[in-house]
Amino acid sequence: MDMPAIHLPDMFEFTMSPIELVVRGSLMYWLLFLVFRFILRRDAGSVGITDFLFVVLLGDASQNAMIGDGTSTADGIVLISTLVFWNYSLDALSYRFKPVARLMSAGKLCLVREGKMLRRQMRKEFITEDELMAKAREEGLEDLSRVKAMYLESDGEISLIRHDG
């Protein structure tokens, strides 16, 4: 079996416009950002099997939309550079500007106040009573009566604040 010869210049030749790659990469970055920001908030801290599958499928589906007919290394470099640019830029902007930071990550959401479950908040994020009780047990509490507050944090984790004493 003869192996095809590697022609290095072809690897670094653009197969599509770099501007088109930047636009495609930017559009897909923002679409995926919105999906992760507004749909997957709760699962950011812990990824279940269906969430992992969803992420893999999103990556596969978005790959073709981002790269189009591009197949060269140069195309890939421009696309990856675009994604890195947006990621770095948004991190820097959210560090400097509070409105951008609020857009970038959801604020905390109170789930329990003074030992009482806030069912509307729980329903909003599909958090069950069993999940809250599991968190309380992790903190050494048998019930919620000693819980001052429990929050769903922006990273998807649940935090607990006990009453003093």
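Taking each pair of distinct Cα atoms in region 68-152 once, what is the resulting Kirkwood hydrodynamic radius in Å? Working shown, then result.
Details: mean 1/r = 0.0611 Å⁻¹.
Computed over region 68-152, the radius equals 16.4 Å.
Using only C-alpha positions, report the orientation-averaged shadow area of the convex hull of region 60-104, nm², one decimal.
On the way: hull surface 15.1 nm².
If I average the Cα hull's projected area over directions, I get 3.8 nm².
Counting each DSSP H run of 4 or more residues in the chain as -39500 (n - 2.57), what helix-only mean residue ellipticity at 222 nm follows after dividing by all residues, to the nearest 500 deg cm²/dmol?
Details: 7 runs with 91 residues, N = 165.
So the calculated ellipticity at 222 nm is -17500 deg cm²/dmol.
Just to be sure I follow the rule: in the chain, considering lysines 8 or more places apart or on different chains, how many pairs have Cα atoms under 23 Å apart?
The result is 11.
Can you give me the Kirkwood hydrodynamic radius for region 109-162, using every pair of distinct Cα atoms, in Å to one decimal? Present the calculation step by step, with values, prior to reporting the outcome.
On the way: mean 1/r = 0.0931 Å⁻¹.
Kirkwood radius, region 109-162: 10.7 Å.
For the chain, find the longest principal axis of its Cα atoms and tell me its angle to the long axis of helix 18-38, 0 to 90°, nearest 10.
In the chain, helix 18-38 runs at an angle near 10 degrees to the longest axis.
If I model the chain as equal point scatterers sitting on the Cα atoms and use the Debye formula, what is log10 I(q)/I(0) at q = 0.11, 0.12, 0.14 Å⁻¹?
The computed values of log10 I(q)/I(0) come out as -0.64, -0.71, -0.85.
How tilted is helix 49-67 with respect to the longest principal axis of the chain? Cα atoms for both, answer in degrees (0 to 90, nearest 10).
Between the helix axis and the principal axis of the chain, the angle is about 30 degrees.
Helix 129-138: angle to the longest alpha-carbon principal axis of the chain, degrees 0 to 90, nearest 10?
80
Since every read-out is calculated from the coordinates, none of them should be taken as a lab result. From a predicted model like this one, the values you see are computed outputs, not experimental measurements.
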